[in-house]
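Notes for the one structure printed next.
The values are calculated or read from the model by the stated rules, or taken from the named source; none is laboratory data. All values derive from a computational prediction rather than experimental measurement. Methodologically, a virtual Cβ is constructed for each residue, glycine included, from the backbone with ideal geometry; neighbour enumeration extends over all protein chains shown.
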Amino acid sequence: MCYNICNIIKKGRKASDLLLLYEGIDEMSGKNAKSGKGGNTIAKVYEMVKPITDELGLSLWDIVFEKEGAYWYLRVFIDREDEMASMDDCENVTRPLSKLLDEIDPIEQSYILEVGSPGIGRMLKKEEHFKKFLECPVRVRFIRENENGEKEIIAALKSYDKDTITVARDGEESVIKLSDTAFVKLADDEDLFGDDFDE
């Protein structure tokens, strides 16, 4: 399964210096931490893009501002209630957002703007993320091995309570502190990678 992404390379801060590309890719890694980096930039971009997604009937899943290699990336993830965001959705958000970014100019350095759907294996970071996927399988990677010597597990997400999640596996429920996790992702790629779990 692929998801759609609109990719704008913004060189400096001039709209005339951008290149618009369309790509289909399998998965985007969630390398940025749960908080901290790019927080002020993300807050500014949120205020710019939220009215756009609201007007288009889309949900704003996440915003990430991170550096990979020599390049900075501003990644805006959009979603629909019952289906994946389409290429048209990505384009309809990218064009007005790019124009606003040029006008308001909230980011000093050159960066690449990407607008896409979260796709498979999406990161769960916010309260609404977890609540939307209750009873669904999630992939939890720990910062350090848990008491069973496991670095990563797949289990059914049963509940969310601000600092913790409750998951079920092999007929047993356990509470996991989010501060002990490197990430929590939706495990909807089992068919691709052969993973399995028993709730």
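Looking at segment 143-199, which of the residues that are surrounded by 17 or more Cβ atoms within 10 Å (Cβ to Cβ) and modelled with pLDDT under 90 is farthest from the chain's Cα centre (by Cα)? Among those residues, the one meeting the criterion is PHE197. Take ASP180 and tell me if it is in contact with a strand residue (DSSP E or B) (Cβ under 7 Å, 6 or more places away or on another chain), of a type in the set (Asp, Glu) and not assigned by TED's automatic domain parsing to the domain that holds GLU66. The answer is yes for ASP180. Residues in segment 113-131 that are in contact (Cβ under 8 Å) with a residue 12 or more places away in the chain and assigned to a helix (DSSP H, G or I) were compared, and the one that is surrounded by the most Cβ atoms within 10 Å (Cβ to Cβ) is PHE130.
Of the candidates PHE133, PHE65, PHE142, the single residue that is outside the structural domain of ASP180 (by TED's automatic domain parsing) and not polar (S, T, N, Q) is PHE65.
Taking segment 66-75 as the search range and keeping residues that are in contact (Cβ under 8 Å) with a residue 40 or more places away in the chain and within 15 Å of the chain's Cα centre (by Cα), which one is nearest to PRO118 (Cα to Cα)?
At the first step, the residues of segment 66-75 found to be in contact (Cβ under 8 Å) with a residue 40 or more places away in the chain are 71-75.
Filter again for within 15 Å of the chain's Cα centre (by Cα), leaving 73-75.
Numbers: TYR73: 15, LEU74: 14, ARG75: 10 Å.
Filtering segment 66-75 for residues that are in contact (Cβ under 8 Å) with a residue 40 or more places away in the chain and within 15 Å of the chain's Cα centre (by Cα), the one nearest to PRO118 (Cα to Cα) comes out as ARG75.
Rundown of residues vs (1) part of a strand (DSSP E or B); (2) hydroxyl-bearing (Ser, Thr, Tyr); (3) under 20 Å from LYS131 (Cβ atoms), yes/no style:
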position	(1), (2), (3)
ILE52	no, no, no
LEU60	yes, no, yes
VAL64	yes, no, no
TYR73	yes, yes, no
VAL76	yes, no, no
GLU83	no, no, yes
ASP89	no, no, no
ARG95	no, no, no
SER98	no, yes, no
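Considering only residues in segment 87-112 that are within 26 Å of ASP189 (Cα to Cα) and surrounded by 15 or more Cβ atoms within 10 Å (Cβ to Cβ), the one that is modelled with the lowest pLDDT turns out to be MET87. Please go through segment 132-179 and give me each residue that is outside any loop (DSSP other than H, G, I, E, B), within 25 Å of GLU81 (Cβ to Cβ) and of a type in the set (Asp, Glu), ordered by number. If the condition is that a residue be outside any loop (DSSP other than H, G, I, E, B), within 25 Å of GLU81 (Cβ to Cβ) and of a type in the set (Asp, Glu), then ASP161 is the only one that fits.
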